[in-house]
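The structure under discussion appears below in the form of structure tokens.
The values are calculated or read from the model by the stated rules, or taken from the named source; none is laboratory data. Just so it is clear, the structure is predicted and the values come from calculations on it, not from any experiment. All Cβ positions, glycine included, derive from the backbone under ideal geometry; neighbour counts span all protein chains shown.
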Ligand code: NHF
């Protein structure tokens, strides 16, 4: 069987910023379990994996030497290192365009090399994720036309960026001339034709020039269609994301630290919560991995004393939130509803664990002000914490909140369900597919869906959920619903759907 290449700017096995890092490697692993030779291609972003690697290809681009290193991990990774990829910033620091172009040229160069030398097997499918992988798809497209190759090109959108690029970018950074023949929805045409049709908008250009255009949930698919325009209606498909961790993995990990015997037992949950809130919080110190972001936030974090979280004086109902520190995630909506929640539930403990991204300074300032004002009830962790501590927070929580303005999938929601913790989420994108509302389905409900942006609804439903969780019998029932619901999101199912799309 011919290989399947999955291209991504993030893999949790090399470098992770957000949810994207979880998806290609997990899909690749599930495809391998079905007997397909799936490989993840990703830049090193300055990371050196400890495993021994074999160099499969090297190329010189503008005086820099780039290498593809093959790592025999599961799933197999081809990590590209050298030149711009020695830089540790993934999306920040002004190198992104250059990184995306070089990624394209190395992957495209490697494809050409194996086709011409016959030294390896050309893939049957190249599946690019988000616009950073598009240059690689485009160069593969041009090569496919030139050499009459049989390769399916697949593009999966994880978050609309509306990124626009100049024709110069393609001409100078990718060596794709305006006349280069590429194939697309209207057949083989000069590149400039599709470029103009898309107005330089990469996500639209991708739509015109790949064989299958996908996103990550049924809910988000509708948003994408609306955004891209009438031509795309009914022609986009989706492969749902799935579990980052199983309930077993969370429960086993938590049991190691907190000696939990029955993970659904409300008494045991409360014991873990007390330990987490009143003792262990002290060591939940976040690490910021992108140097550019770390530098720009250093003084702000010190100023607002956000650099090391203090434990709470005593226990209380725990509401947990996490994610990237971006406007999309709606953190300001939660902050706006805090007063209301605290008035109703004075002992509530709200813990936020957020990964900062470029340009998040205004949000950090806002967080800093709330941190001072709501000292009794609020703790903020900025940066990454260990997986074990992250799982413990999910496990200890009585409610998890996803106040996103829009959300392609919302991996955090399934992470929470797998930990047995119910979710209050905005009714948007993938969250609509994940959360079963307790008001509509009391038997199988796992939380509440609310109008995106509504502070009042957010406060009211959070208070309501905390009330429900106060009663041990209902709490246990809701928690077991969450665990059951999480099982619906399996990579096995998603890999099956991917294969149907690839080979249809
Ligand atoms: O889960 C991976 C992730 C999604 O909703 C998430 C997002 C970016 O915003 O598909 O991509």
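Put simply, of 50, 59 the only residue that is assigned by TED's automatic domain parsing to the domain that holds residue 108 and touching a residue at least 24 places away in the same chain (Cβ under 8 Å) is 59. Residues in the range 125-161 that are more than 13 Å from the ligand (Cβ to nearest atom) and assigned to a loop (DSSP other than H, G, I, E, B) were compared, and the one that is surrounded by the fewest Cβ atoms within 10 Å (Cβ to Cβ) is 148. The set of residues in the range 233-274 that are at pLDDT 95 or above and touching a strand residue (DSSP E or B) at 6+ places or on another chain (Cβ under 9 Å) comprises 236, 237, 238, 239, 273.
Within the range 405-419, if we keep just the residues that are assigned to a loop (DSSP other than H, G, I, E, B) and surrounded by fewer than 24 Cβ atoms within 10 Å (Cβ to Cβ), the residue that is farthest from the ligand (Cβ to nearest atom) turns out to be 405. Among the residues of the range 94-114, those identified as closer than 14 Å to residue 130 by Cα and crowded, with 17+ Cβ neighbours inside 10 Å are 96, 99, 100, 101, 103, 104.
Criterion first (under 17 Å from the mean Cα position of the chain (by Cα), buried (at least 22 other Cβ atoms within 10 Å of the Cβ) and not assigned by TED's automatic domain parsing to the domain that holds residue 236) does residue 402 satisfy it? It is true that residue 402 is under 17 Å from the mean Cα position of the chain (by Cα), buried (at least 22 other Cβ atoms within 10 Å of the Cβ) and not assigned by TED's automatic domain parsing to the domain that holds residue 236. Per the conditions (1) over 24 Å from residue 15 (Cβ atoms); (2) out of contact with any strand residue (DSSP E or B) (no Cβ under 9 Å at 6 or more places or on another chain), the sole criterion not satisfied by residue 439 is (2). With respect to the conditions (1) at pLDDT below 95; (2) under 25 Å from the mean Cα position of the chain (by Cα), residue 121 falls short on a single one, namely (2). Closer than 30 Å to residue 194 by Cα and surrounded by 18 or more Cβ atoms within 10 Å (Cβ to Cβ): is that true of residue 228 in this structure? Taking the combined requirement at face value, the residue satisfies it. So which residues in the range 97-124 are out of contact with any helix residue (DSSP H, G or I) (no Cβ under 9 Å at 6 or more places or on another chain) and assigned to a loop (DSSP other than H, G, I, E, B)? Scanning the range 97-124 gives a single hit, 118.
Rundown of residues vs (1) assigned to a loop (DSSP other than H, G, I, E, B); (2) without any contact (Cβ under 8 Å) to a residue 40 or more places away in the chain; (3) under 16 Å from residue 318 (Cβ atoms), yes/no style:
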| position | (1), (2), (3) |
| --- | --- |
| 394 | no, no, yes |
| 401 | no, no, yes |
| 421 | yes, no, yes |
| 424 | no, no, yes |
| 431 | no, no, no |
| 440 | yes, yes, no |
| 448 | no, yes, no |
| 457 | no, yes, no |
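Based on this model, can you work out whether residue 291 counts as touching a helix residue (DSSP H, G or I) at 6+ places or on another chain (Cβ under 6 Å), more than 16 Å from the ligand (Cβ to nearest atom) and over 26 Å from residue 464 (Cβ atoms)? Against the criterion (touching a helix residue (DSSP H, G or I) at 6+ places or on another chain (Cβ under 6 Å), more than 16 Å from the ligand (Cβ to nearest atom) and over 26 Å from residue 464 (Cβ atoms)), residue 291 does not qualify. Applying the criterion of at least 1 residues that are within 16 Å of the ligand (Cβ to nearest atom) and touching a helix residue (DSSP H, G or I) at 6+ places or on another chain (Cβ under 8 Å) to the helices (runs of 4 or more DSSP H) found wholly in the range 162-264 leaves 202-209, 218-228.
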